[in-house]
Amino acid sequence: SLTQWDEDRWPGMEEDLGMSLLQSDCMLQEGKSLQQCLKGGNCKVLKYSFFECKRKGYKNLVMGGRSNI
């Protein structure tokens, strides 16, 4: 099952990723959408961390906490 830590961490990471994208040159100078900038490789570290956290939580949910990630 998901731990309280997992549930508490996702929203903060998601917000950090969104803010990073909103402040990126991709959006501010190039005028691209949030999705275009995310797909374009902006904020790679936050993007990777956020999706790894979600993947870990999802896998734990599906496997009943038996994940060895």
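The values are calculated or read from the model by the stated rules, or taken from the named source; none is laboratory data. Computed from a prediction, not measured in an experiment: that's the story for all the values here. Don't worry about glycine lacking a Cβ; one is built from the backbone with ideal geometry, like all the others, and counts go over all protein chains shown.
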Exactly one condition in (1) modelled with pLDDT of 70 or more; (2) assigned to a helix (DSSP H, G or I); (3) surrounded by fewer than 16 Cβ atoms within 10 Å (Cβ to Cβ) is false for Asp8; which is it?
(1)
Could you please find all residues in the stretch 7-39 being without any contact (Cβ under 8 Å) to a residue 40 or more places away in the chain and in contact with a Lys or Arg (Cβ under 7 Å, 6 or more places away or on another chain)?
Leu17, Cys26, Leu38
